[in-house]
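Before any comments, here is the structure.
Taken together, the values in this text are just the output of simple stated rules run on the coordinates, not laboratory data. All values derive from a computational prediction rather than experimental measurement. Positions of Cβ are backbone-derived with ideal geometry, glycine not excepted, and every protein chain shown enters the neighbour counts.
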Amino acid sequence: MKNSDGKKVILVIEDEVPLLEAIKRKLELVGFDVLTATTTDQALSCLQDVKKVNLIWLDHYLFGKEPGLLFVAELKNNPKWKLIPIFVISNASGAEKKQAYLSLGADKYYAKVDYRLEQIVNDIHRFLAEKRKT
């Protein structure tokens, strides 16, 4: 589903504001509407306020904490939000962390050191295009 002007909506949750702005600009340049949050509490408030979010970009570490796993669990246990795809982007590249997210229902997990911003944005485009076909 698209918003009223036809663009898909991405919610980006990232606590490093310069990085958040770079992600937002890149996603907007390729045609997405972007909502932003620096905490999971802000993200939940945003989800309650908007009609539709097509995908969530979630940073694992937010202000040195690890609330990402709890946030994914909360979303996937809520009937209103459980179908929103979640892409986790993290500085933690361990297999255990990746498996924890995927087992909770995250759709993709990226270690920041292994992917450029453009690659992740392209994956989002492909993912949402494929999802639309099914």
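Before moving on, here are some points about what is shown:
- Set of region 86-110 residues, backbone N closer than 13 Å to the point 7 Å along the Cα-Cβ line of K76: 86-88, 97-109
- From the coordinates shown, Rg/Rh (Cα atoms, Kirkwood Rh) corresponds to which of (i) 1.04; (ii) 0.94; (iii) 0.92: (iii)
- Taken as entire DSSP H runs, the helices of the chain that both span 15 Å or more between Cα atoms along their own long axis and average -1.0 or more on the Kyte-Doolittle scale are 17-29, 117-133.
- When the listed pairs K7/K97; K97/K131; K51/K97; K52/K76 are checked against a 20 Å cut-off, the alpha-carbon distance exceeds it for K7/K97; K97/K131; K51/K97.
- Eligible aspartates and glutamates near K112 by straight Cα distance, threshold 19 Å, same-chain separation 8 or greater: E14, D15, E16, E21, D59, E66, E96, D123
- Simple Cβ-charge dipole of region 73-134, Lys/Arg +1 and Asp/Glu -1, about Cα centre, in debye nearest 20: 220 debye
- Only one residue of V113, I84, A22 has its Cα farthest out toward the positive end of the dipole of the chain, where Lys and Arg carry +1 and Asp and Glu -1 on Cβ, and that residue is I84.
- For region 1-57, the list of GluC sites (Glu not before Pro) that fall in a loop by DSSP and count at most 14 other C-beta atoms within 10 angstrom reads E16.
- The listed peptides 36-42, 51-57, 7-13, 78-84, ordered by packing as a protection proxy, come out as 7-13, 51-57, 36-42, 78-84 (highest mean of other Cβ atoms within 10 Å first).
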